[in-house]
Amino acid sequence: MTVVGTRVKRVEDHRLLTGGATYVDNLREPELAGAAYAAFVRSPLAFARITGIDTSQARAAAGVLGVYTADDIGADPVAPANLPPEAAPMSQPVLARDFVRFAGEPVVIVVAEDRASAADAAELVEIGYEPLQAVVDLEAAATDKVLLFEAMGTNTALVVGALPEDDPFAGCEVVVTRNMVNQRLAPVPMETRAAACAPDGNGGVKLWLNTQTPHGAATALAARLHLEPGQVRVIAPDVGGGFGGKIFTADVDVTALVWSARHLGRPVRWMETRSESMLIMNHGRDQYQRITIGGRRDGTVQAYRYDAYANAGAYPHGAFLAGPTMWMASGAYAIPRVDVQIRSLVTNTVPVNAYRGAGRPEAAAAIERAMDLFATEIGMDPADLRRRNLLRPEAFPYTTPTGTEYDSGDYPAALEQVLVAADYAGLRADQARRRASGDRVQHGIGLASYVEVTGIAGIEFSKIQMDADGSVIVDVGVSAQGQGHQTTYAMLIADDLGVPMDRVTVRHTDTGNLGAGIGTFGSRSLQLAGSALQEATEKLIEEARPFAAEAFETTAVTEVRLNRATGRWQVGDDESRQVSWGEVVRRARPTGSLVVETTYTTPKMSFSFGTHLALVAVDVETGKVTLLRHLACDDAGRLINPMLAEGQRHGGMAQGVGQALYEAFTYDEDGNPTTVTLAEYTIPSAADLPSFELLTMQTPTTANRLGVKGIGEAGTIGATPAVQNAVIDALSHLGVRHIDMPLTPERVWRAIRAATGS
């Protein structure tokens, strides 16, 4: 019997749903007794020169312990990730020095005895600004007429790919070009960022941080503050969502907090307000895309071009996201010629970084719109066009024209599953009837076949401790924010070691327990940490085997084996005499535990895939869109826990639909944010969504030991273009060819009026 592959309920949920969770802001650790509180003074301007800072009134305010500026804090600036040394002038200071480059950038940190005093004192800081012309629009930024960093001489942080001089569309019978916007999004996790830092008395610190990457945070903080690596211990307690916004890369606020705690010699806490979170937590997406697709009238796509500007925000921490976009540019299709160029530009907006999908949704949205545009131009059904151009199973492993190697898949099968389950022919027939009758409510059907890279940063770490009472403590280098790690890894351990799940404790939060770890992002946790754990269980069994042989008083060590069904050791197939894990451990470590550590490295990344179908109703008089049905066939290789996979798919699809219909973070021409509350930045609720219809395939991969692929971001990649295509399909008979996201009632209404001339 095995628990792997079965629908096991999450073991975390009882604690999380009954008030047993522990988040940073409700920690009551002894080290945090008497903690002070921090507040930040942030720039109200998008671009300005700092002419002076007067902190005297704030320093004299009741309860204030310290008021610090860039001149006080001894911390290195945050260099752009994965960019060459020449980009160093684009580094972000921990507190703004000389210039502010986006509204919300921290300039001063105030530390006081309590939260209210810190907030009040922050209001007393006086900062002089000389306003400068802000650059918000990507096309304006590309001209370099106004520079964010004079020393760079350009607003271009990174260029990925290149467009050749020859014409890739020469010989194509049909060529379609379209400009599109993949709008800026805010992550909006349920829990905003928070930190609590306590000096350890030896020059180091203990930091509680709601991060996706505890080890990465510890390493980065030690480097910025010129500390030894072991002097920063990071603990991530329960974390209320992340979606990329809590990958510790450029958390300058937290760096200032840690410096302040060390400087004052006392614990300091900070909790981001919701308005702060909307204003300063890294945003996602934000590309201006020009796509061109060409081919024959029989539906054969011959060439595709993706030419885009990517908004990196004020500091290009996420400029590297252009890479995954290029990897995925051709999507799930066998297109002979694919040219890509992406210019990542700095603007006076919040820095853009990884947000659920991180570069892949941008690519999928573009190629899926391109496929529908091409189908419309040649008069072919979008499903038939995809059938003709999807990669076939026999093509794998397949290297795309942009150099990405896809490992395995059956893309046509995913498409056919969805079409059959939805009764595609019936939906088209109903659509035709509505069009013929001139119904006020028109239906649209949208398809999106996608592929996405998972298992990024292919190394992970694990440790297993088997105690003498037969309980197991597991440490992994990834960190949970709701994914169900405790359940998943306990299932793997239960199968491999034969112990009950309730005897397994999974720890993934404390750099003091495991020396290294990469973290949770890029749909990597199960295939990397899970594979690391499987290696660790094998290592543990081999280390325990001689001691089990000793218990049986046999020299035939290789004949002694673990019976995983009973969780006990035996010789060969003889079940008449067995010994427990506890007895074996006591022989190995009479007063302790048996401990093994492993480092797992994957030979390559894996590629999930699938097809989504959306059915929408559009009121042509008001522009209101209602999502009636959404079907998804998402393949993530071997499924360890189908229930957890479904939960990940549901969440991702909700966010994908949110981008298509509701969400957009916007700025005015001066760089002032205009959507800083949840009244202005609209996200979908459960009432706005139908019951998702989930279909399943399992196409195992050889890219890791478990044969699994990531599925945590699938919904944000497949759902968005499916819904966008559906809305445009509903209006195509009226002459509507494209509407940029989000497809709000006003945008849809205006598109209808423009197309019909009324």
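Checking the a/c ratio against 1.5 first, then a/b against b/c, what shape does the Cα gyration tensor give for segment 530-597? Write out the running numbers ahead of the final one.
On the way: a/c = 1.79, a/b = 1.30, b/c = 1.38.
Since a/c reaches 1.5 but b/c is at least a/b, the shape of segment 530-597 is classed as oblate.
I want to make sure I understand the PRE zone here: with the label point 7 angstrom from the Cα of residue 626 toward its beta carbon, which residues in segment 691-726 have backbone N atoms less than 20 Å away? Counting backbone N atoms under 20 Å from the label point, the list is 691-693, 723-726. From the square roots a ≥ b ≥ c of the eigenvalues of the alpha-carbon gyration tensor of segment 464-525, which class results: rounded (a/c under 1.5), prolate (a/b over b/c), or oblate? Since a/c reaches 1.5 but b/c is at least a/b, the shape of segment 464-525 is classed as oblate.
Would you please classify the overall shape of segment 1-155 from the alpha carbon gyration tensor, given that a ≥ b ≥ c denote the square roots of the eigenvalues, rounded means a/c under 1.5, and beyond that prolate means a/b larger than b/c while oblate covers the rest? Oblate shape, in that a/c is at least 1.5 and b/c is the bigger or equal ratio.
Would you please give the FRET efficiency between residue 740 and residue 1, computed as 1/(1 + (r/R0)^6) with r the Cβ-Cβ distance and R0 = 60 Å, to the nearest 0.05? Step by step, r from the Cβ atoms, then E = 0.70. In the set (i) 28; (ii) 32; (iii) 36, the label that goes with percent of Cα pairs over 45 Å apart computed for this structure is (i). Extension gain for residue 14-residue 682 works out to 237.5 nm (0.36 nm per residue, less the C-alpha to C-alpha distance). Computed from backbone phi with θ = phi - 60° and the Karplus coefficients 6.51, -1.76 and 1.60, the 3J(HN,Hα) list for segment 145-151 is 5, 10, 9, 6, 10, 4, 5 Hz; x is used for glycine and proline. Here is how the number arises for the chain: DSSP H runs of 4 or more residues each give -39500 (n - 2.57), the sum is divided by the residue count, and the result at 222 nm is -8500 deg cm²/dmol.
Mind checking the full-extension length gain between residue 756 and residue 21? Use 0.36 nm per residue of separation minus the Cα-Cα distance, one decimal, nm.
Working: separation 735, 0.36 × 735 = 264.60 nm, distance 5.51 nm.
259.1 nm is the gain from fully extending residue 756 to residue 21.
With each pseudo-label sitting 7 Å past Cα toward Cβ, what's the residue 423-residue 98 distance in nm, one decimal? About 6.8 nm, to one decimal.
With the cut-off at under 17 Å, measuring from each backbone N in segment 618-642 to a point 7 Å along the Cα-to-Cβ line of residue 433 picks out 618.
Computing FRET efficiency as 1/(1 + (r/R0)^6) for residue 119 and residue 59, where r is the C-beta to C-beta distance and R0 is 22 Å, gives about 0.90. A Cβ-based charge dipole, computed about the Cα centre of the chain with Lys and Arg at +1 and Asp and Glu at -1, lands at about 960 debye. Close lysine pairs were tallied over the chain: pairs 8 or more places apart or on different chains with Cα atoms under 29 Å apart number 15. Per residue, segment 476-606 exposes 40 Å² of accessible surface when a 1.4 Å probe is rolled over the protein heavy atoms with every protein chain present. Amide H contacts for residue 66 (H built 1.01 Å from N in the peptide plane; partners 5 or more residues away or on another chain; cut-off under 5 Å): 111. Were the residues from residue 49 through residue 137 laid out at 0.36 nm apart, the gain over their Cα-Cα distance would be 29.6 nm.
Calculate, for residue 388 and residue 130, the FRET efficiency according to 1/(1 + (r/R0)^6) with r their C-beta to C-beta distance and R0 51 Å; round to the nearest 0.05. After rounding to 0.05, the efficiency reads 0.30. Across segment 318-330, coupling constants 3J(HN,Hα) worked out from phi with the 6.51/-1.76/1.60 Karplus curve, θ = phi - 60°, read x, 4, 5, 4, 4, x, x, 4, 5, 4, 9, 4, 7 Hz, and Gly and Pro carry x.
The values are calculated or read from the model by the stated rules, or taken from the named source; none is laboratory data. None of these values were measured; they are calculated from a predicted model. Ideal geometry is used to build each Cβ from the backbone, glycine not excepted, and the neighbour counts take in all protein chains shown. Just so you know, the surface numbers come from the protein's heavy atoms only, side chains and all, with ligands and any DNA or RNA stripped out. Shrake-Rupley method; radii C 1.70, N 1.55, O 1.52, S 1.80 Å.
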